[in-house]
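Chemist: Structure provided below as structure tokens; questions to follow.
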Amino acid sequence: MTHSNSKKGFVYLIGAGPGDPGLITVKGRDCLAKAEVVLYDYLANDELLKIAPKDAELIYAGKIGGEHNREQSQINELLVEKALSGKVVARLKGGDSFIFGRGGEECEALVDAGIPFEVVPGITAGVGATSYAGIPLTHRKVTTSVAFVTGHEDPGKASSEIDWEGLSLGSGTVVFYMGVRNLPQIAANLMAHGRSPETPVALVRWGTRPEQEVLTGTLADIAQKARQASFKAPAITVVGEVVKLRETLRWFDNRPLFGRSVLVTRSADQAGEFATKLERLGARVYSCPTIDITPPVTYTELDAAIEALESCHWVIFTSYNAVKYFFARLSDLGLDTRALCCTRVCAVGPKTAAALLPYGVRADLVPEDYKAEGVVTAFKNLDIAGKRVLFPRGDRAREVIPEKLREMGADVLAPVAYANITPADIPAAALRALEEGRVDCATFTSSSTVQNLAAILGDNRFLHLMQGVRIASIGPVTSKTCRELGLEIHMEPDEYTLDALTALMIEHFSAPGQ
């Protein structure tokens, strides 16, 4: 196959790693970020597609319904066609392109067409999945050799090219790729050529992902165990004494929230830290923002309040968003933190207090109870009659603080500093997980998060999709809203923080029977 074109593009053949999107190399990430066209396969994590430019053409070249969406020859032709049109093409392949990835064949097609390319190695499943399963492929006290073997040879071959005798003798570790379907034949061949029936074996499915599964046995019984467990591809098979080390070296799939799927309903710009914390504990997180935080419709109220800052005795911040949008507007008006020089500051909760520190502000008061009622209680011990209090708030904030402080004789300015917008829908992945009953726990960190989710889904559908889902609420106000909407509360921490909520989730799901 030869082509000629004066305007040639460039192809990056990128190993995407075994599944965890964090395992792509720095170089692979950088090359993907330049792509104008991305051809990706079944085993490349969809999360990696977010690295590509937003206007990049995304082409799926994997499997649909277990069958190949495109034959290898078609993929080769597509790579050539896109490159000859002058595009920068990223061929994103699961694992490493040159280890059972048919990357060599794709490069040969590019060479024939005279197209320049670069190969970016990736972490192959045999290395990544075994590491996440707690199985070192080599160990000084166990074995010093390892072999990677295809468990699914080309059906057109007249005879097997696998050196069964060489693989069966000695103590080396053998890793079979794509061999679940042929597991009975693999085990039989190894035993027939001298490998002990008692040799430990592990199957690792969806290695390095939150849904990773590991099944262990011996050559004598692993095929039967896999059949009984309905263990399916994609999986690798590890044969050798190193499999025994998993008992003491497990680290990934024994974390407290491993195997649990959690719906996080915070706004997109606030969900990251919480989601990362849950993922580090092993959870599969479905991001489901039910609030979009935006600037207020008008700044008239807030600007007037900022103009009156010199006469304010207190400023009350009840959230990270209040801090963020207040100081952003302060800056827009040509002011900075010095505008608060004569004002004392109250912050509700440690996270809000921490949000003030980058602006050089240390809270004078952090109420013990992290909700509106806690602020009211704290101010009862202070003489605020005749004092002016500034309370920059969200457009849906409860009226508890301004109402109660006014009853104490304070002059309260309560301008809207930011608006809460309900999204039109929720992310497809989160909706699909709810519809398929794959969500174990839904977290709600404010009344708005649960009210908005119900509004987006519709009340009846909301209750239907929440059946069987454990509900984790940040505190009593949010819990009250949940109950009003028909939900049962399973977790509510004594301290209304994300750290406390996370600790309670660990305790809940670690309990027997959960």
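Chemist: Consider PHE98 carefully, then state whether it is surrounded by 16 or more Cβ atoms within 10 Å (Cβ to Cβ), over 15 Å from PHE10 (Cβ atoms), modelled with pLDDT of 95 or more and not assigned by TED's automatic domain parsing to the domain that holds ARG181. Please lay out each step first, then the result.
Modeler: Details: surrounded by 16 or more Cβ atoms within 10 Å (Cβ to Cβ): yes; over 15 Å from PHE10 (Cβ atoms): yes; modelled with pLDDT of 95 or more: yes; not assigned by TED's automatic domain parsing to the domain that holds ARG181: yes.
For PHE98, the condition - surrounded by 16 or more Cβ atoms within 10 Å (Cβ to Cβ), over 15 Å from PHE10 (Cβ atoms), modelled with pLDDT of 95 or more and not assigned by TED's automatic domain parsing to the domain that holds ARG181 - is met.
Chemist: Same structure, new question: Could you list, in sequence order, the residues of region 168-221 that are free of Cβ contacts under 8 Å to residues at least 40 places away in the same chain and out of contact with any Leu (no Cβ under 9 Å at 6 or more places or on another chain)?
Modeler: LEU169, GLY170, ASN182, PRO184, GLN185, ALA192, THR218, ALA220, ASP221
Chemist: Right, here's the next one. Is there any pair with a first residue in region 130-142 that is assigned by TED's automatic domain parsing to the domain that holds SER171 and a second that is surrounded by fewer than 21 Cβ atoms within 10 Å (Cβ to Cβ) and acidic (Asp, Glu) whose Cβ atoms are under 6 Å apart and which are 6 or more apart or on different chains, and what are they?
Modeler: VAL142/GLU241
Chemist: Filter region 441-462 down to residues that are assigned to a loop (DSSP other than H, G, I, E, B) and either touching a Phe, Trp or Tyr at 6+ places or on another chain (Cβ under 7 Å) or buried (at least 21 other Cβ atoms within 10 Å of the Cβ) (or both), then give me how many there are.
Modeler: If we filter region 441-462 for residues that are assigned to a loop (DSSP other than H, G, I, E, B), which is where we start, we get 445-446, 458.
This time we only want the ones that are either touching a Phe, Trp or Tyr at 6+ places or on another chain (Cβ under 7 Å) or buried (at least 21 other Cβ atoms within 10 Å of the Cβ) (or both), so: 445-446.
Count: 2.
Chemist: Return only the number of the condition from (1) assigned by TED's automatic domain parsing to the domain that holds ASP499; (2) hydrophobic (A, V, I, L, M, F, W, C); (3) touching a residue at least 24 places away in the same chain (Cβ under 8 Å) that MET408 does not satisfy.
Modeler: Checking MET408 against (1) assigned by TED's automatic domain parsing to the domain that holds ASP499; (2) hydrophobic (A, V, I, L, M, F, W, C); (3) touching a residue at least 24 places away in the same chain (Cβ under 8 Å), the one that fails is (1).
Chemist: Where residues in region 123-143 are small (Gly, Ala, Ser) and part of a helix (DSSP H, G or I), which of them is surrounded by the fewest Cβ atoms within 10 Å (Cβ to Cβ)? Steps first, please.
Modeler: Taking region 123-143 and keeping what is small (Gly, Ala, Ser), we get 125-126, 128-129, 131, 133-134.
Right, trim to part of a helix (DSSP H, G or I) and you get 125-126, 128-129, 131.
Numbers: ALA125: 29, GLY126: 28, GLY128: 22, ALA129: 31, SER131: 20.
Step by step, filter region 123-143, then rank; the result is SER131.
Chemist: Does VAL400 qualify as being without any contact (Cβ under 8 Å) to a residue 40 or more places away in the chain, within 26 Å of ASP494 (Cβ to Cβ), out of contact with any strand residue (DSSP E or B) (no Cβ under 9 Å at 6 or more places or on another chain) and of a type in the set (A, V, I, L, M)? Give the derivation first.
Modeler: Working: without any contact (Cβ under 8 Å) to a residue 40 or more places away in the chain: yes; within 26 Å of ASP494 (Cβ to Cβ): yes; out of contact with any strand residue (DSSP E or B) (no Cβ under 9 Å at 6 or more places or on another chain): yes; of a type in the set (A, V, I, L, M): yes.
Here the answer is yes, as VAL400 does meet what is asked.
Here's the yes/no breakdown for (1) modelled with pLDDT under 95; (2) more than 14 Å from CYS288 (Cα to Cα); (3) aliphatic (A, V, I, L, M); (4) assigned by TED's automatic domain parsing to the domain that holds ASP46:
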position	(1), (2), (3), (4)
ALA428	yes, no, yes, no
PHE444	no, no, no, no
GLY458	yes, yes, no, no
HIS490	no, yes, no, no
TYR496	yes, yes, no, no
MET505	no, yes, yes, no
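Chemist: Within region 201-292, which helices (runs of 4 or more DSSP H) (wholly inside it) include 1 or more residues that are within 30 Å of ILE471 (Cβ to Cβ)? Talk me through it step by step, then tell me what you get.
Modeler: Values: elements: 222-228, 246-249, 268-280.
In region 201-292, 268-280 are the helices (runs of 4 or more DSSP H) which contain 1 or more residues that are within 30 Å of ILE471 (Cβ to Cβ).
Chemist: Being of a type outside the set (Phe, Trp, Tyr), surrounded by fewer than 21 Cβ atoms within 10 Å (Cβ to Cβ) and not assigned by TED's automatic domain parsing to the domain that holds VAL239 is the requirement here; does GLU106 meet it?
Modeler: On the way: of a type outside the set (Phe, Trp, Tyr): yes; surrounded by fewer than 21 Cβ atoms within 10 Å (Cβ to Cβ): no; not assigned by TED's automatic domain parsing to the domain that holds VAL239: yes.
So GLU106 fails the test.
Chemist: Let me ask something else. Considering only residues that are in contact (Cβ under 8 Å) with a residue 60 or more places away in the chain, polar (S, T, N, Q) and part of a helix (DSSP H, G or I), which ones fall in region 469-514?
Modeler: Across region 469-514, the qualifying residues are THR502, SER510.
Chemist: I've got another one for you. Find the residue count for region 501-514, including only residues that are more than 21 Å from the chain's Cα centre (by Cα) and within 18 Å of PRO476 (Cβ to Cβ).
Modeler: At the first step, the residues of region 501-514 found to be more than 21 Å from the chain's Cα centre (by Cα) are 507-508, 510-514.
Still in the running and within 18 Å of PRO476 (Cβ to Cβ): 508.
Number of matching residues: 1.
Chemist: Oh, and also: Just for helices (runs of 4 or more DSSP H) wholly inside region 320-421: which have at least 1 residues that are among the hydroxyl-bearing types (Ser, Thr, Tyr)?
Modeler: Working: elements: 320-332, 350-356, 372-380, 400-407.
In region 320-421, 320-332, 350-356, 372-380 are the helices (runs of 4 or more DSSP H) which contain 1 or more residues that are among the hydroxyl-bearing types (Ser, Thr, Tyr).
Chemist: Still on this model: Would you check which residues across region 298-346 are within 27 Å of ASN381 (Cβ to Cβ), in contact (Cβ under 8 Å) with a residue 60 or more places away in the chain and hydroxyl-bearing (Ser, Thr, Tyr) and list them?
Modeler: Scanning region 298-346 gives SER311, THR318, SER319.
Chemist: Another question, if that's okay. Does LEU49 satisfy being modelled with pLDDT of 95 or more and under 26 Å from PRO210 (Cβ atoms)? Please lay out each step first, then the result.
Modeler: On the way: modelled with pLDDT of 95 or more: yes; under 26 Å from PRO210 (Cβ atoms): yes.
Taking the combined requirement at face value, the residue satisfies it.
Chemist: OK, next. Which residue pairs have Cβ atoms closer than 8 Å, lie 6 or more positions apart in sequence or on different chains, and pair a first residue in region 266-286 that is over 15 Å from GLU211 (Cβ atoms) with a second residue that is among the charged types (D, E, K, R)?
Modeler: SER267/ASP292; ALA268/ASP292; PHE274/ARG266; ARG280/ARG255; LEU281/ARG255
Chemist: Can I ask one more? Taking the condition more than 16 Å from VAL264 (Cβ to Cβ), over 24 Å from the mean Cα position of the chain (by Cα) and at pLDDT below 95, does VAL477 pass?
Modeler: Values: more than 16 Å from VAL264 (Cβ to Cβ): yes; over 24 Å from the mean Cα position of the chain (by Cα): yes; at pLDDT below 95: yes.
Yes: the conditions hold for VAL477.
Chemist: Sticking with this structure for a sec: Would you point out the residue of region 266-324, among those that are among the acidic types (Asp, Glu) and closer than 30 Å to ALA428 by Cβ, that is surrounded by the fewest Cβ atoms within 10 Å (Cβ to Cβ)? Steps first, please.
Modeler: Going through region 266-324, the residues among the acidic types (Asp, Glu) turn out to be 269, 273, 279, 292, 301, 303, 307, 310.
Still in the list and also closer than 30 Å to ALA428 by Cβ: 269, 273, 279, 292.
Working: ASP269: 13, GLU273: 11, GLU279: 17, ASP292: 15.
In this case the residue turns out to be GLU273.
The values are calculated or read from the model by the stated rules, or taken from the named source; none is laboratory data. A quick note: this is a predicted structure, and the numbers were derived from the prediction, not measured. Positions of Cβ are generated from backbone atoms using ideal geometry, with glycine treated the same way; all protein chains shown enter the neighbour counts.
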